[in-house]
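Inspection log for the structure reproduced underneath, given as structure tokens.
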Amino acid sequence: MTSSIKYSLDERDIPRHWYNIVADLPSPPPPVLHPGTRQPIGPDDLAPIFPLAVIEQEVSQAREIEIPGPVRDVYRQWRPTPLYRARRLEQSLDTPARIYYKYEGTSPAGSHKPNTAIPQAFYNREEGVRRIATETGAGQWGSALAIAGAFFGVEVEVFMVKVSFQQKPYRRTFMESFGARCIASPSELTESGRTILREHPDSSGSLGIAISEAVERAVQRDDTKYALGSVLNHVLLHQTVIGQEALRQFEHADDYPDVVVGCTGGGSNFGGIAFPFLGARLRGGPATEFVAIEPAACPTLTKGLYAYDFGDTAHLTPLVKMHTLGSTFVPPGFHAGGLRYHGMAPLISHITQLGYIRPRAYQQLTCFEAGLQFARAEGILPAPEANHAVRGAIDEAIKCREEGISRCILFNLCGHGHFDMQAYRDYLDGRLVDQEYDESEIAMALAGLPSVA
Ligand SMILES: *Cc1c(COP(=O)(O)O)cnc(C)c1O
């Protein structure tokens with residue numbers, strides 16, 4: 001039997017800096033606008049909801065930003081994460097392609113999310129914040145922040161999209177085990193939640209609604225700030241530890257990716273693995289390609305408009321220019337909950353506009369099929385979100401077989417699926433179906449985009 005190859009690194013190889021792609025881009029992303037004045041916002045506008053250190057990172061132009069010692073100390077628990085050459089998968093596909101994956105499921109939360117949860121909790125604690133309010137879709141982000149809050153002694157309050165709250169009771173148990181408070185969203189705790197419930201008493205919730213509730217809590221209370229697990233520049237920045245480690249690991253493998261594949265919900269795990277390689281390309285390195293895979297039921301990059309929009313449903317957040325399906329769009333309840341967001345990271349959107357990212361959308365059945373093929377070859381059951389990246393990588397490898405060429409493919413296995421057994425149960429029982437988004441609903445949501453002069 002062929003064996004897959006693991007490329008480990010030493011603790012010393014944990015990056016000392018996060019990498020800021022903005023420093024190497026040919027043009028900066030468009031400014032973030034104030035929701036009232038529609039003028040570019042300044043740090044003061046964000047101060048009620050984020051700690052200062054995070055705001056500085058959000059607008060930084062510096063190429064490298066130092067990772068604080070206490071954050072690196074916690075990273076050490078699971079970083080560097082392994083890079084694998086998927087030899088058994090290659091064999092099962094009978095492909096000449098070289099397939100590698102970076103495995104982020106070794107973190108205590110089982111996904112890449114702690115890479116940013118840890119520094120965010122750290123900066124909040126440093127600035128004396130007592131409580132962090134946040135949202136969570138599938139539960140991965142809430143789980144990661146719950147752990148980070150416990151480490152740094154900060155209370156965590158999680159608004160969990162109601163459909164996930166009901167479908168994934170163990171996620172709530174996980175968060176509460178670390179002392180976090182978990183609330184089904186929409187809730188009666190906030191004006192945003194109460195407004196939705198008045199109009200839609202049976203609302204199953206959405207990330208956009210949950211974000212409104214968490215932001216509202218932060219705005220209303222002096223001792224509380226808000227944290228976001230994806231989309232924003234500082235989140236993608238923190239995730240670049242993934243790609244920086246992978247660069248080192250490819251030196252050991254004496255190889256280099258021709259194509260990097262990742263799944264995109266808000267864009268953070270994709271940016272995390274892609275940006276260090278894109279930066280190398282922008283500075284004259286190899287012309288690596290970048291493929292972003294999104295769910296066909298929430299096709300932000302492939303079907304959305306590139307326009308200024310709100311990040312949340314109640315329109316409490318600033319306006320960012322991004323690919324969006326409209327902030328009032330509620331995606332159908334497919335199983336990759338982490339990918340059910342109406343918008344996209346402004347950085348990913350901007351870089352897609354610049355032509356460096358090829359986006360593709362896949363239906364969920366073909367992704368679960370790919371996930372199981374991967375699991376049976378490599379022994380790791382991916383998160384439903386990660387199955388999208390697996391599908392993308394397998395398709396690239398099949399193309400190599402058909403064209404008779406050997407390319408080097410890297411994908412991010414951003415998390416394991418151990419909390420998602422119900423999704424696999426449904427798939428194995430034949431109960432999982434492909435879902436179409438409602439075109440008229442997206443058209444309506446897009447018609448409501450804010451006007452920006
Ligand atoms: C949150 C999450 C995603 C989606 O978020 P991104 O910011 O696009 O990475 C994807 N996969 C997993 C495992 C997640 O936890």
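The values are calculated or read from the model by the stated rules, or taken from the named source; none is laboratory data. Being a predicted model, the structure only gives us computed values, none of them experimental. Heads up, the Cβs are rebuilt from the backbone with ideal geometry, glycines too, and the neighbour counts pull from every protein chain shown.
For the range 412-423, the candidate set comprises residues that are of a type outside the set (D, E, K, R) and surrounded by 20 or more Cβ atoms within 10 Å (Cβ to Cβ); within that set, the residue that is nearest to PHE275 (Cα to Cα) is ASN412.
Whether a residue is within 16 Å of the ligand (Cβ to nearest atom) and either modelled with pLDDT under 95 or of a type in the set (D, E, K, R) (or both) was assessed, and GLU66 does not pass this test.
Of the residues in the range 441-450, at least one is over 28 Å from GLY272 (Cα atoms), in contact with a Gly (Cβ under 9 Å, 6 or more places away or on another chain), surrounded by fewer than 19 Cβ atoms within 10 Å (Cβ to Cβ) and of a type in the set (D, E, K, R). All conditions in (1) modelled with pLDDT of 95 or more; (2) over 14 Å from the mean Cα position of the chain (by Cα); (3) within 16 Å of the ligand (Cβ to nearest atom); (4) hydroxyl-bearing (Ser, Thr, Tyr) hold for SER206, with the sole exception of (1). Step by step: first the residues of the range 228-237, then only those that are under 19 Å from TYR103 (Cα atoms) and within 11 Å of the ligand (Cβ to nearest atom), then the one that is nearest to the chain's Cα centre (by Cα). Which residue is that? Of everything passing the filter in the range 228-237, SER230 is nearest to the chain's Cα centre (by Cα). On the stretch given as the range 54-90, residues that are under 21 Å from the mean Cα position of the chain (by Cα) and of a type in the set (Gly, Ala, Ser) total 1. When the range 398-411 is filtered for residues that are under 18 Å from TYR84 (Cα atoms) and surrounded by fewer than 23 Cβ atoms within 10 Å (Cβ to Cβ), the ones remaining, listed by number, are SER406, ARG407, CYS408.
Across the range 250-263, the qualifying residues are those that are over 23 Å from ALA336 (Cα atoms) and out of contact with any Ser or Thr (no Cβ under 8 Å at 6 or more places or on another chain), and the one among them that is nearest to the ligand (Cβ to nearest atom) is PHE250. Could you check how many residues of the range 213-272 are touching a residue at least 12 places away in the same chain (Cβ under 8 Å) and among the acidic types (Asp, Glu)? Number satisfying all stated conditions: 6. When the range 231-256 is filtered for residues that are in a loop (DSSP other than H, G, I, E, B) and surrounded by fewer than 24 Cβ atoms within 10 Å (Cβ to Cβ), the ones remaining, listed by number, are ASP254, ASP255, TYR256.
For the range 195-211, the set of residues classified as assigned to a helix (DSSP H, G or I) and out of contact with any helix residue (DSSP H, G or I) (no Cβ under 6 Å at 6 or more places or on another chain) consists of THR195, LEU197, ARG198, GLU199, LEU207, GLY208, ALA210, ILE211, listed by residue number.
Can you confirm whether GLY266 is part of a loop (DSSP other than H, G, I, E, B), near the ligand (Cβ under 10 Å from one of its atoms) and not basic (Lys, Arg)? Yes: the conditions hold for GLY266.
Any residue that is among the small types (Gly, Ala, Ser) and farther than 16 Å from ALA296 by Cα - is there at least one of those in the range 396-403? There is at least one residue in the range 396-403 that is among the small types (Gly, Ala, Ser) and farther than 16 Å from ALA296 by Cα. Residues in the range 37-86 that are part of a strand (DSSP E or B) and either over 17 Å from THR240 (Cα atoms) or of a type in the set (Ser, Thr, Tyr) (or both): PRO40, TYR84, ARG85.
Pairs linking a residue in the range 427-453 that is within 30 Å of GLN373 (Cβ to Cβ) to a residue that is assigned to a loop (DSSP other than H, G, I, E, B) and at pLDDT 90 or above, with Cβ atoms under 6 Å and 6 or more positions apart or on different chains, are ASP434/GLN363; GLN435/ALA297; TYR437/ALA297. A search for C-beta distances below 6 Å between a residue of the range 4-19 that is assigned to a helix (DSSP H, G or I) and any residue that is surrounded by 15 or more Cβ atoms within 10 Å (Cβ to Cβ), counting only pairs 6+ apart in sequence or on different chains, returns ASP13/PRO80; ASP13/ARG248. Out of ALA345, ALA336, ALA361, one residue alone is within 16 Å of the ligand (Cβ to nearest atom) and surrounded by fewer than 20 Cβ atoms within 10 Å (Cβ to Cβ). It is ALA361.
Take the range 212-227 and flag every residue that is within 16 Å of the ligand (Cβ to nearest atom) and either under 17 Å from ILE273 (Cβ atoms) or not in a loop (DSSP other than H, G, I, E, B) (or both). If the condition is that a residue be within 16 Å of the ligand (Cβ to nearest atom) and either under 17 Å from ILE273 (Cβ atoms) or not in a loop (DSSP other than H, G, I, E, B) (or both), then ALA214 is the only one that fits. Between ALA280, ALA292, the distinction of being in contact (Cβ under 8 Å) with a residue 24 or more places away in the chain, within 13 Å of the ligand (Cβ to nearest atom) and farther than 20 Å from ASP438 by Cα belongs to ALA292 only. The strands (runs of 3 or more DSSP E) falling completely within the range 93-194 that include 1 or more residues that are over 24 Å from GLY371 (Cα atoms) and over 19 Å from the mean Cα position of the chain (by Cα) map to 131-136, 155-161, 181-185. Listed by first and then second residue, the pairs with beta-carbon distance under 6 Å, at least 6 apart or on different chains, first residue in the range 126-143 and closer than 15 Å to GLU176 by Cβ and within 12 Å of the ligand (Cβ to nearest atom), second assigned to a helix (DSSP H, G or I) and among the polar types (S, T, N, Q), are GLY139/SER164.
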